[in-house]
Amino acid sequence: MGVLEGTNEPDSVSLTQSGAGMAIYQRKDQDVVDAAAAWLRDKGAARNAAGQQFCLTVGLMTPHAPYVVDREAFDHYHGQVPPPRLDVPQDEHDWHRWWRHDRGIGEVSDAVRDRARAAYWGLVQRTDEMIGQVLDALKEIGAMDDTLIVYASDHGDHVGERGLWWKHTFFEESVKVPLVMRLPGAIPAGESRDQVVNLVDLSQTMIEVMGAQPLPYADGKSFWAVACDREAPWENETFSEYCTDPVPSWTGGRAVQQRMIRSGSWKLSVYDGEPPLLFDLSTDPDERINRAEDPDCAEMFQRLSARLAHDGWRPETVAARMRERRAEKDILAAWAREVQPAQTHVWEYTADMNRLDN
């Protein structure tokens, strides 16, 4: 066995050092789940018995790079996960080409690819099992059927699709996230929704469920009516942004200002100094045909472009703000190094918790 190194940044080390072993993310998640279940059995049970409402957030890291999972889960999926369905397109976009080159994933062997994908599938299973442990505790205190349960993620993972790994794009594999909700008697079981919502809408939705007033000045809006009724009216539109300053190593010294709008089945992504991408997911769900220069789509392109810029969003404005933020972070980092403030609520770990089996 060896110590797993370099897991603090999402680069190709998470492919070359992937497979069976143990990463601190999986260890931490199990500790978080154990604490959540204990809280439910203790304080949650007391509050439920007293008829009091409670809210519990359980934040998990997996499934996530580094693609390392315990031996049992890895062996279960190794050799069973099919290869990626989408290859690298011949007309690959400039950003995606640069990203693959900069992160050292231009050439990934089949063996490394399959090993990383098997580990990711194993991490998905372990995450599913841990969520089950939290739900078991909820059942034990008799609150399963009158508690709103929400499962969501902050981003996806390409896991080799299009020759890409991790997130960092507006392709569906990266930007689309799961959102699963359960509340018997309110949300119909077994149904799905086609409407486009955003995670910023989730807090407002939960507040409405609890009967409280909407948060003032919040960006999101409640989609509770849609959750309860697929025919409920909804503005089927959302935005996503990806911005960095040029200092972090994962940008390769390159500043990034990108924005996307999803309106119905149409998705437009704009890049600073690079060609835009326009896809119609109703006819092209794999996002392989860029319609940005298609005369038949000129009206849609103009409408979505105007929506992207409607609140004053400009790449140069974002870049200036990111430079300001960089300077602010440098000041905070210098202060922390000098003052060495006490740390509280820190999950303790050591480097040897990361293990990659031979």
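Within the group 323, 307, which residue is closer than 30 Å to residue 14 by Cα, surrounded by 11 or more Cβ atoms within 10 Å (Cβ to Cβ) and out of contact with any helix residue (DSSP H, G or I) (no Cβ under 7 Å at 6 or more places or on another chain)? Give the derivation first.
On the way: 307 fails: closer than 30 Å to residue 14 by Cα.
None of the others qualify; the one that does is 323.
Within the range 244-253, does at least one residue satisfy the condition of being touching a Pro at 6+ places or on another chain (Cβ under 7 Å) and either closer than 30 Å to residue 105 by Cα or open to solvent by 20 Å² or more (accessible area, probe 1.4 Å) (or both)? Don't jump to the end; show me each part of the working.
Of the residues in the range 244-253, the ones touching a Pro at 6+ places or on another chain (Cβ under 7 Å) are 250, 253.
If we keep only those that are either closer than 30 Å to residue 105 by Cα or open to solvent by 20 Å² or more (accessible area, probe 1.4 Å) (or both) as well, we get 250, 253.
There is at least one residue in the range 244-253 that is touching a Pro at 6+ places or on another chain (Cβ under 7 Å) and either closer than 30 Å to residue 105 by Cα or open to solvent by 20 Å² or more (accessible area, probe 1.4 Å) (or both).
Looking only at the range 18-62, count how many residues are touching an Asp or Glu at 6+ places or on another chain (Cβ under 7 Å), open to solvent by less than 60 Å² (accessible area, probe 1.4 Å) and assigned to a loop (DSSP other than H, G, I, E, B).
2
Given the conditions (1) more than 26 Å from the chain's Cα centre (by Cα); (2) within 30 Å of residue 20 (Cβ to Cβ), report the number of the one that residue 45 does not fulfil.
(2)
Whether any residue in the range 225-235 is surrounded by 12 or more Cβ atoms within 10 Å (Cβ to Cβ), closer than 19 Å to residue 155 by Cα and among the β-branched types (Val, Ile, Thr) is what I want to check. Working first, answer last.
Initial filter on the range 225-235 (surrounded by 12 or more Cβ atoms within 10 Å (Cβ to Cβ)): 225-230, 232, 234.
If we keep only those that are closer than 19 Å to residue 155 by Cα too, we end up with none.
No; the residues of the range 225-235 include none that is surrounded by 12 or more Cβ atoms within 10 Å (Cβ to Cβ), closer than 19 Å to residue 155 by Cα and among the β-branched types (Val, Ile, Thr).
Any idea how many residues of the range 298-351 are more than 24 Å from the chain's Cα centre (by Cα), within 30 Å of residue 237 (Cβ to Cβ) and in a loop (DSSP other than H, G, I, E, B)?
Qualifying residue count, the range 298-351: 5.
Would you pick out the residues in the range 69-86 that are more than 22 Å from the chain's Cα centre (by Cα) and within 29 Å of residue 272 (Cα to Cα)?
none
Condition check ((1) open to solvent by less than 60 Å² (accessible area, probe 1.4 Å); (2) of a type in the set (Gly, Ala, Ser); (3) under 22 Å from the mean Cα position of the chain (by Cα)) across all residues:
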{"residue": "129", "(1), (2), (3)": "no, no, yes"}
{"residue": "144", "(1), (2), (3)": "yes, no, no"}
{"residue": "150", "(1), (2), (3)": "yes, no, yes"}
{"residue": "153", "(1), (2), (3)": "yes, yes, yes"}
{"residue": "158", "(1), (2), (3)": "yes, no, yes"}
{"residue": "166", "(1), (2), (3)": "yes, no, yes"}
{"residue": "187", "(1), (2), (3)": "yes, no, no"}
{"residue": "201", "(1), (2), (3)": "yes, no, yes"}
{"residue": "213", "(1), (2), (3)": "no, no, no"}
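List the residue pairs whose Cβ atoms are under 6 Å apart, where the first residue sits in the range 41-57 and is touching a residue at least 40 places away in the same chain (Cβ under 8 Å), the second is among the small types (Gly, Ala, Ser) and surrounded by 10 or more Cβ atoms within 10 Å (Cβ to Cβ), and the two are 6 or more positions apart or on different chains.
41/137; 48/143
I'd like to know if the range 326-343 contains one or more residues that are out of contact with any Phe, Trp or Tyr (no Cβ under 8 Å at 6 or more places or on another chain), free of Cβ contacts under 8 Å to residues at least 60 places away in the same chain, surrounded by fewer than 14 Cβ atoms within 10 Å (Cβ to Cβ) and aromatic (Phe, Trp, Tyr).
yes
Among the residues of the range 286-297, which ones are part of a helix (DSSP H, G or I) and open to solvent by less than 50 Å² (accessible area, probe 1.4 Å)? Reasoning before the result, please.
Start the filter on the range 286-297 by keeping residues that are part of a helix (DSSP H, G or I), which leaves 295-297.
297 - this is the single residue of the range 286-297 that is part of a helix (DSSP H, G or I) and open to solvent by less than 50 Å² (accessible area, probe 1.4 Å).
Residues checked against (1) at pLDDT 95 or above; (2) more than 26 Å from residue 268 (Cα to Cα); (3) in contact with a helix residue (DSSP H, G or I) (Cβ under 9 Å, 6 or more places away or on another chain); (4) of a type in the set (S, T, N, Q):
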site	(1), (2), (3), (4)
200	no, no, no, no
205	yes, yes, yes, yes
217	no, yes, no, no
229	yes, yes, no, no
236	no, no, no, yes
245	no, no, yes, no
251	no, no, yes, yes
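Every residue in the range 63-73 that is open to solvent by 50 Å² or more (accessible area, probe 1.4 Å) and touching a residue at least 12 places away in the same chain (Cβ under 8 Å), please. Step through it out loud before you land on a result.
Within the range 63-73, the first condition is being open to solvent by 50 Å² or more (accessible area, probe 1.4 Å), and the residues that meet it are 64, 71-72.
Those that are open to solvent by 50 Å² or more (accessible area, probe 1.4 Å) and touching a residue at least 12 places away in the same chain (Cβ under 8 Å): 64, 71.
Given the condition over 20 Å from residue 241 (Cβ atoms), of a type outside the set (Gly, Ala, Ser) and modelled with pLDDT of 90 or more, answer yes or no: does some residue in the range 311-327 qualify?
To start, the set of residues in the range 311-327 that are over 20 Å from residue 241 (Cβ atoms) comprises 327.
Subsequent filtering for residues that are of a type outside the set (Gly, Ala, Ser) retains none.
The answer is no; no qualifying residue exists.
Under the condition of being open to solvent by 70 Å² or more (accessible area, probe 1.4 Å) and assigned to a helix (DSSP H, G or I), which residue from the range 95-110 is nearest to residue 21 (Cα to Cα)? Can you show your working first?
Of the residues in the range 95-110, the ones open to solvent by 70 Å² or more (accessible area, probe 1.4 Å) are 97, 101, 107, 110.
From what is left, the residues that are assigned to a helix (DSSP H, G or I) are 97, 101, 110.
On the way: 97: 31, 101: 28, 110: 20 Å.
Here the residue is 110.
The values are calculated or read from the model by the stated rules, or taken from the named source; none is laboratory data. Everything quoted here is computed from the prediction, not taken from an experiment. Quick reminder, even Gly has a Cβ in these numbers, built from the backbone with ideal geometry, and neighbours come from all protein chains shown. Note: accessible area is taken over every heavy atom of the protein model, side chains too, but ligands, DNA and RNA are not part of it. Shrake-Rupley method; radii C 1.70, N 1.55, O 1.52, S 1.80 Å.
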